[in-house]
Amino acid sequence: MGIYLFGFVGYLVYATSKNGAAGKVSTGLLSAGLLFHSIGLILRWMETHQTGYGYVPLSNMYESLIFFSWTIVLIYLILEFKYQQKVIGVFVTPFAFLAIALTSIIPA
């Protein structure tokens, strides 16, 4: 969650100042966040298989929001690498951050 927040701040700095370094750092942070997020999803999926349930982690609100934020970041990074438009990150990253933040406050 923190990596996505820092990525958003970096994209915000990039959008307001056109600082190329801030854009590159933000993309790096978002890529690292996606990597850690992917590992977390894989570990959660493996855990369900070990407990005998074996389902894709999408069965409740927590898992759905986590998957939603992962998907947002994945699609955004694909589009960023294809079209080289980093400024869109200002509008995309808050949704990924807020979806994960929401998982912390919703009841289980």
message = Quick check on Ser104: is it open to solvent by 30 Å² or more (accessible area, probe 1.4 Å), closer than 17 Å to Leu5 by Cα and modelled with pLDDT under 90?
response = yes
key: Criterion (modelled with pLDDT of 95 or more, among the hydroxyl-bearing types (Ser, Thr, Tyr) and open to solvent by 60 Å² or more (accessible area, probe 1.4 Å)) met by exactly one of Ser59, Ser69, Ser17   = Ser17
task = For segment 68-90, indicate whether the set of residues that are charged (D, E, K, R) and under 18 Å from Phe6 (Cα atoms) is non-empty.
result = yes
task = Considering only segment 1-57, state which residues are β-branched (Val, Ile, Thr) and assigned to a helix (DSSP H, G or I).
result = Ile3, Val9, Val13, Thr16, Val25, Thr27, Ile39, Ile42, Thr48
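The values are calculated or read from the model by the stated rules, or taken from the named source; none is laboratory data. The model shown is predicted, which means the values in this text are computed figures rather than measured ones. All accessible areas refer to the heavy atoms of the entire protein, side chains included, with ligands and DNA or RNA removed. Shrake-Rupley method; radii C 1.70, N 1.55, O 1.52, S 1.80 Å.
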